[in-house]
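Structure first, commentary second.
Read the figures in this text as sums done on the coordinates, not as results from a lab. These numbers come from a predicted model, not from an experiment. Neighbour counts are summed over all protein chains in view; Cβ atoms, including those assigned to glycine, are modelled from backbone coordinates with ideal geometry.
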Amino acid sequence: MSKGWYYQVMGEIIGPVSSAELRAAARAGIVCPGTFIRKGTTSDWISAMSVENLIEPPKLQDGISSSHADEHASRCGPLSADDLDAIALEAVSVSSPKVKEEEGSVKSDVATAGQSSKWRKCPDCGNMVSKRALQCPTCGRSFTSFQSFPVASQAGSRSVWFIIIPLSVIVGLIYWGFQVIGVMEPERPMERIHQQAQEELRRIEREVAEDAVRQYDIAKRSGAAMDAYIHAGLVAAAYIQAKDEVNYRKWKAIEYQEGIRAGVPQN
């Protein structure tokens, strides 16, 4: 049944199904005019409204009736501009045989106009994929965190400051607390108080770095390549805050490799 039909619903690919099953899904409102379908596993994705006799057109006279629009909205969501154009074309083709010669070119224009707004190019395999899809059906590339490098870099920079600023505040509060303890208990040597403050600071910095490493491991296993690249940079930032030069150099090298894997230009 590898030659059966496939269709996309909420980013999930359903199939293979027979032609009768596909028409039944269309009548049930599961397959709508804007749903992407294809025959087999190698053909291109097309909209359901471009397949003849799959989507039953409404009976229209001087336009699109409000009752049909309500029925369509209850089954498939609000009518889009592309759906309205497709329904109007069907109505014209039924009521006026003279426009059948022009129907093909008009539908082609509608499909071309809708393609740019509904499709995007997969950065891994180059195939056109629905913007509603959560992953590429050809290569499996995930789009849950898909974004361009400048946006990701900006988000990564903000994340670094979200770690550094609270850490600085915590360090200041700890130092102030030990100063207060030193004033309230003058018999305690100030040198010991400063030593305890430094030890507490180093402990917090180690915990922050270890947490950043755990977040990187999670992103490495389940996220996209760009996520792993960003989290590797956060780990490097945490180690430089902890003044751990050995681990800082190690994670800068990891960040560099993840950047290459994510397609980020490296200086």
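When only DSSP loop residues count, what trypsin sites (Lys or Arg not before Pro) in region 206-267 have their Cβ near at most 16 other Cβ atoms within 10 Å? Numbers along the way, then the final one.
Working: sites: 206, 214, 220, 221, 243, 249, 250, 252, 261; in loops: 243.
Hits after loop and neighbour filter: 243.
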To make sure I understand, if each residue's beta carbon is the centre and we count other beta carbons within 10 Å, what order do 226, 10 fall in, fewest to most? 10, 226
